[in-house]
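The values are calculated or read from the model by the stated rules, or taken from the named source; none is laboratory data. All values derive from a computational prediction rather than experimental measurement. Cβ: placed from backbone, ideal geometry, glycine included. Neighbour counts: every protein chain shown. In case anyone asks, the SASA skips ligands and DNA or RNA and just uses the protein heavy atoms, side chains included. Shrake-Rupley method; radii C 1.70, N 1.55, O 1.52, S 1.80 Å.
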Amino acid sequence: MKAILVLSISLMMLNSQFIKTTPSIPCDSSIYLLPDIYYVKGSASTIVEPTQAVVTLEIEVKDLKAQVALQQAAQIADDAVKAIKENCQGGLKIQTADFAIQPHKEYSQNQPYAVIYSGFKVINKITVETLNTSDVGKIIDVAVKNKVNKVNGIQFDVSKDEKKRLKNFLVELAIEDAKHTANVVLKELKMRIESIKSVQLLENYGSETKTKMEQQVNVGFVIKPID
Ligand SMILES: *[C@@H]1O[C@H](CO)[C@@H](O)[C@H](O)[C@H]1NC(C)=O
């Protein structure tokens with residue numbers, strides 16, 4: 001009983017919303033009753049699996065002589081890169097990201113604070129980008145085995161192509177979602193979707209995270225009474 005009441009009220013509201021009273025239109029009731037656009041929101045979301053990873057490796061070498069420190073750091077970098085290439089097949093991109101040499105002093109812990117070491121420090125940074133995210137552990141193992149002394153960071157990311165593919169997929173799903181909602185409501189009102197008039201993609205503000213993608217749409221339907 002309650003449901004019927006709600007239904008009839010919403011039907012009345014809907015009807016009243018659709019009646020056009022522009023006096024310039026000829027006196028034809030079918031024109032007066034042409035529906036407005038019925039707007040329904042739809043949404044879809046998905047978990048995003050990373051498609052690539054970037055590992056930043058750091059080699060730090062100290063020596064009394066700058067020349068020796070430079071050579072050692074270069075040798076370690078060469079060995080590590082070669083070993084990583086041998087162990088990880090396909091989709092590797094390796095770059096020397098940063099390179100620095102500076103004077104390096106160490107002081108005694110006890111007074112008097114004397115300089116106990118004075119030499120040079122070389123820091124060599126290498127980034128390894130892989131399209132196989134399962135290879136990250138192996139890259140680090142191989143690098144450390146080859147005297148790389150620091151792993152500075154691991155970043156997982158999703159390729160542009162994959163992001164585009166997911167977005168297209170989500171737009172389709174979100175429109176389907178809106179259509180589904182519209183059908184549920186319209187069935188109760190004895191109306192149906194005639195066609196889609198417009199689709200507005202709603203931008204997300206801050207709701208997108210690294211592991212989840214979301215898309216909302218606002219779909220305008222042309223609707224008709226069920227004959
Ligand atoms: C990705 O890496 C894992 C672990 O190293 C390996 O078992 C697998 O064969 C690799 N997949 C491809 C497509 O190279």
Inset, instruction - Please state which of the following conditions Lys93 fails to meet, knowing it meets all the rest: (1) in a strand (DSSP E or B); (2) away from the ligand (no atom under 16 Å from the Cβ). - result: (2)
Inset, instruction - Scan segment 132-154 for residues that are part of a loop (DSSP other than H, G, I, E, B) and open to solvent by less than 40 Å² (accessible area, probe 1.4 Å) and jot them down. - result: Val148
Inset, instruction - Check whether at least one residue in segment 155-171 is over 25 Å from Gly91 (Cβ atoms), outside any loop (DSSP other than H, G, I, E, B) and touching a residue at least 12 places away in the same chain (Cβ under 8 Å), and report yes or no. - result: yes
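Restricting to segment 155-183, and then to whatever is over 30 Å from Val40 (Cβ atoms) and surrounded by 15 or more Cβ atoms within 10 Å (Cβ to Cβ), can you tell me which residue is nearest to the chain's Cα centre (by Cα)? Spell out the reasoning first.
Here is the first cut: in segment 155-183, the residues over 30 Å from Val40 (Cβ atoms) are 155-157, 159-161.
Filter again for surrounded by 15 or more Cβ atoms within 10 Å (Cβ to Cβ), leaving 156-157.
Details: Phe156: 10, Asp157: 8 Å.
Checked segment 155-183; the qualifying residue nearest to the chain's Cα centre (by Cα) is Asp157.
Restricting attention to segment 188-198, which residues are of a type outside the set (Val, Ile, Thr) and either farther than 12 Å from Pro225 by Cβ or surrounded by 14 or more Cβ atoms within 10 Å (Cβ to Cβ) (or both)?
The initial filter retains those residues of segment 188-198 that are of a type outside the set (Val, Ile, Thr), namely 188-192, 194-195, 197-198.
Across segment 188-198, the qualifying residues are Glu188, Leu189, Met191, Arg192, Ser195, Lys197, Ser198.
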Inset, instruction - Sort out which residues of segment 55-90 are open to solvent by less than 70 Å² (accessible area, probe 1.4 Å), within 16 Å of the ligand (Cβ to nearest atom) and either part of a loop (DSSP other than H, G, I, E, B) or modelled with pLDDT of 95 or more (or both), and write them in order of number. - result: Val55, Ala83, Ile84, Cys88, Gly90
Inset, instruction - Report, by residue number, each residue of segment 119-144 that is more than 15 Å from the ligand (Cβ to nearest atom) and touching a residue at least 40 places away in the same chain (Cβ under 8 Å). - result: Gly119, Phe120, Lys121, Val122, Ile123, Asn124, Lys125, Ile126, Thr127
